[in-house]
Amino acid sequence: MPDQKYTVEEALEHGVSRLPPGKTRRIILSFFIVFFFILANLISLSHYPQFKEALLKRLEPLAAAFNLGQNWTMFAPDTRKLNFHSTALIEFEDGSLRLVEFPRFDLMDTASKFKHAKLRKLFNDYMVNQIGEKYRPSIARFYLQSVYDRKNKPRQLTIDFHFRRTKDPFEDGVVDKRDSVRRHLQKSTIFIYRVRD
C-alpha cells in the first residue's frame, strides 16, 4: 500500500497517540520532582555559614549522586582582596641563585593571556592556596629538572608569594591605580623543596 500524502494542515491532525501515564507512574514522577527540588534547595542552603556544619556533610553524597553540587561563585565571585604573583628561587651547590617568575597575567597582552589561560588555574589559584599544596612538589621537581646540571646541581627551590592588599572602595573610598596594583611589595614564603642526594 503506497504511503498516503498529507498536506501540512492534515499532518497536524495526525499526531502520535499515546495513553496517558498511569496513576502509579504519575505518583512516582511527582515524588521524584518534589524530592529533587527539596534536595536542591537544601544543598543551596548548605553553603550558608550558619547551615554549613549541619547540612553540608550529610548532603554531599546526595549532591554527588544526583549531580547537584554547584559552585555559585561562578555567578557572583568574591572580589579579590590581594593582587599577587609568585616566584621560585633555585639555589645551586656553588651558592648561585636563579629566579623563576611564574606567569604574570597582569603584565601580558590579550593574545598571551588567551594562549596561557590554562596556566592561570595552576599557578594563580591552586599553587598559592591550601588546595594546591599537593601540586607544589611536582612543580618544584619540574623546575629543578629543567635547570639540572651535573657540574652544579640544584640544591633547593623556594616558592615565594608576592602580594599587595587592594583598597576597598566601600571602606577607603578609593580605587587603586593600575601602576600601584602591579607592585607587590609584601612577600611570604609558601614552600621550600630541598633536593636529596
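Worth pointing out:
- Put in line by how crowded their Cβ is, counting other Cβ atoms within 10 Å and starting with the fewest, 30, 46 read 30, 46.
- Longest to shortest principal axis, alpha-carbon extents of region 82-194, angstrom: 55, 29, 26
- Charge dipole (the chain, unit charges on Cβ, about Cα centre) - positive-most of 162, 44, 79: 162
- Extended-chain gain in nm, criterion 0.36 nm per residue less alpha-carbon gap, residue 7 and residue 35: 5.6 nm
- Each residue, residue 129 and residue 110, gets one label point 7 Å from its Cα in the Cβ direction; the gap between the two is 2.8 nm.
- Of the residues 60, 91, 101, the one that moves most in a GNM of the chain with alpha-carbon contacts below 10 Å is 60.
- GNM top mover of 103, 21, 137 - the chain, alpha-carbon springs below 10 Å: 21
- Sorting 86, 96 by the number of Cβ atoms found within 10 Å of their own Cβ, with the fewest placed first, yields 96, 86.
- Cβ-based exposure ranking for 34, 100, 16, 128, in which fewest neighbours within 10 Å come first: 16, 34, 100, 128
- Fluctuation leader among 164, 141, 58 - the chain, Gaussian network, Cα springs under 10 angstrom: 58
- Descending Cα extents along the principal axes, the chain, whole Å: 91, 52, 41
- The Cα trace of region 130-169 gives Rg and Dmax of 15.4, 54 Å, the first to one decimal, the second as a whole number.
- Set of lysines with alpha-carbon distance to residue 113 below 28 Å, sequence-local pairs under 8 removed: 81, 121, 134, 167, 177, 187
- A Förster radius of 41 Å, combined with the Cβ-Cβ distance separating residue 64 from residue 189, puts the computed FRET efficiency at roughly 0.70.
- A simple spin-label model places pseudo-atoms 7 Å from Cα toward Cβ; at residue 98 and residue 16 they are separated by 6.5 nm.
- Relative contact order for the chain: 20 percent, from Cα pairs under 8 Å spaced at least 6 residues apart, divided by residue count.
- Separation between Cα centres of region 122-158 and region 1-62, rounded to whole Å: 49
Quick note: the coordinates plus some simple rules give every number you see, no bench work behind them. Bear in mind the structure is a predicted one, so any value in this text is a computation, not a measurement. Heads up, the Cβs are rebuilt from the backbone with ideal geometry, glycines too, and the neighbour counts pull from every protein chain shown.
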